[in-house]
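Since the structure comes first, as structure tokens, the remarks are kept for the end.
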Amino acid sequence: MRKIITLCLFALALCGCASEQVAIHVVLEPASINTAALKVGMSRAQLLNVCGDPVEINKTTSASGTREQFVYYEGDDMVFVYVENGKVTAWQE
């Protein structure tokens, strides 16, 4: 994802140097996940390292701690990974 953003910024910088106007259309694909790599108990950092950045993170904070729902895609299907207090507790395909 960072490579795509860096490439887009580089392309925009080059366009600024050109005398002609150039239209650039960037299509970002949703973050994809391999559910075989998921393990209950893995840390939030391990999840991000193995599965990459999610499309979205929904966060709930309460007296019992913090719960996060990481939203990924597996093909055309959405996958929700649940993290409580920094550890993966479940996922839903």
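All of the numbers you see were taken from the coordinates with simple rules; none came from a lab. The shown structure was predicted, so the numbers you read here are calculated from the model rather than taken from an experiment. All Cβ positions, even for glycine, are placed from backbone atoms using ideal geometry, and neighbour counts span all protein chains on display.
Quick notes on this one:
- Full extension of the chain between MET78 and GLU56 gives 6.8 nm of extra length, using 0.36 nm per residue less the Cα-Cα distance.
- Exposure proxy ranking, count of Cβ atoms within 10 Å, fewest first, for ARG44, ARG67: ARG67, ARG44
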